[in-house]
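Structure first, commentary second.
Just so you know, all these numbers are worked out from the coordinates, no wet-lab data involved. What you see is a predicted model; the values in this text were computed from it and never measured. Cβ sites come from the backbone with ideal geometry, for glycine too, and all protein chains shown count toward neighbours.
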Amino acid sequence: MSAPTPQQGRLAHAPVVLRGGRWWLDGGAGSVPASDPAFTAVLDDFALSMAAADQAVDNLLIRQDEASCVDPGGRR
């Protein structure tokens, strides 16, 4: 399994959006590109962490579904 990577979209209820590999601050008056390298690095790290967490939850749900398909006698 490869490491998850953020593609594009809004970041977890935050006023930032990743579009075309670039972060944008998104507000009611419009969008402004985020240009501070330290800030965008933190956004990248957070987005990667969120993607990894989402993948971990998906994997747990898949395991739960698979476990519920096993009959009580231990046979599949």
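Numbers below:
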item: Gain on full stretching of the segment that runs from Ser68 to Ser31 - 0.36 nm per residue minus C-alpha separation; result: 8.7 nm
item: Neighbourhood net charge (15 Å Cβ-Cβ; Lys/Arg +1, Asp/Glu -1) for Ala52; result: -4
